[in-house]
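What follows is calculated from the coordinates using simple rules that are stated; it is not laboratory data. The structure presented is a predicted model; accordingly, all values stated were derived computationally and were not measured. In this analysis, Cβ positions are derived from the backbone assuming ideal geometry, glycine residues included, and neighbour counts consider all displayed protein chains.
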Amino acid sequence: MKSNHHKRRNLSAEERALWENVRRTVSPLRNSTVNTVPETDEQTIEDVFGTPPSERNVPARAPLSSRPAVVPPFLPPYQARPRPALPTSPGRIDDVTARKLRKGRLEIDARIDLHGMSEFEAHERLYRFLVNAKADGCRLVLVITGKGARSGGILRNTVPRWLGEAGFRALVSGCRPAHLVHGGEGALYVRMRRTRPGDLR
């Protein structure tokens with residue numbers, strides 16, 4: 001175990017001379033005395049200058065690990081304003097609307113023909129078409145896919161699924177196979193979604 005006892009060291013001749021020079025330049029206060037260096041060799045640095053600060057009984061500071069932690073004030077997590085939920089798939093255009101379209105009582109505002117396009121091209125063209133149709137205020141549009149006699153009806157089966165994707169659901173609210181006068185199974189009536197606050201934010 002390490003001892004706390006400090007070994008006292010005697011003043012050297014050079015240290016004695018330095019102390020005498022310092023003492024001569026200091027004017028003593030009234031009723032006070034200034035330590036002088038006695039001639040005995042037993043005088044030590046501690047006797048003249050006092051105990052070093054490092055060896056005084058100074059209370060040690062508590063280590064950081066034992067100090068109480070500073071807890072910041074509670075901040076509730078940010079919660080964004082809930083947005084209106086969109087349906088997971090486009091709805092179906094009702095019979096009354098389909099009948100009016102068939103009889104010409106409702107106009108088709110725009111149409112696009114995807115027949116003969118690849119899936120990649122058709123997907124891109126359809127999306128751009130619907131974006132523009134919504135911007136133009138269209139309400140009902142016609143999407144021609146073709147019956148796909150040679151390709152197995154790829155676009156005819158795929159386009160309705162595309163309309164259920166999130167990007168398309170923000171644009172359309174329903175679809176339905178067209179009447180024979182508008183292409184039958186090779187075409188779709190598509191109803192555009194009305195713009196309401198929060199739909200596309």
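Worth pointing out:
- All other residues whose Cβ lies under 13 angstrom from that of Arg99 are scored, Lys and Arg at +1 and Asp and Glu at -1, for a net of +3.
- Gyration tensor verdict on the stretch 91-192 (Cα atoms; rounded if a/c is under 1.5, prolate if a/b is larger than b/c, oblate otherwise): oblate
- Residues whose amide H comes within less than 5 Å of that of Thr195, counting only those at least five positions distant or on another chain, are absent (H built at 1.01 Å from N in the peptide plane).
- For Gly174, the residues whose amide H sits under 5 Å from its own are Gly91, Arg191, ignoring neighbours fewer than 5 places away on the same chain, with H placed 1.01 Å from N.
- Cβ crowding within 10 Å ranks Ser173, Ser12 as Ser12, Ser173, fewest other Cβ atoms first.
- Sorted by Cβ density within 10 Å, fewest first, the residues Thr158, Thr145: Thr158, Thr145
- Per-residue HN-Hα couplings for the stretch 156-163 [Karplus 6.51, -1.76, 1.60; θ = phi - 60°; Hz; x = Gly/Pro]: 4, 8, 8, 4, x, 5, 4, 5
- Stretch gain in nm, segment Lys147-Phe120, where the contour uses 0.36 nm per residue and the Cα spacing is subtracted: 7.9 nm
- Which of Met192, Met117 has the fewest Cβ neighbours within 10 Å, and the rest in rising order: Met117, Met192
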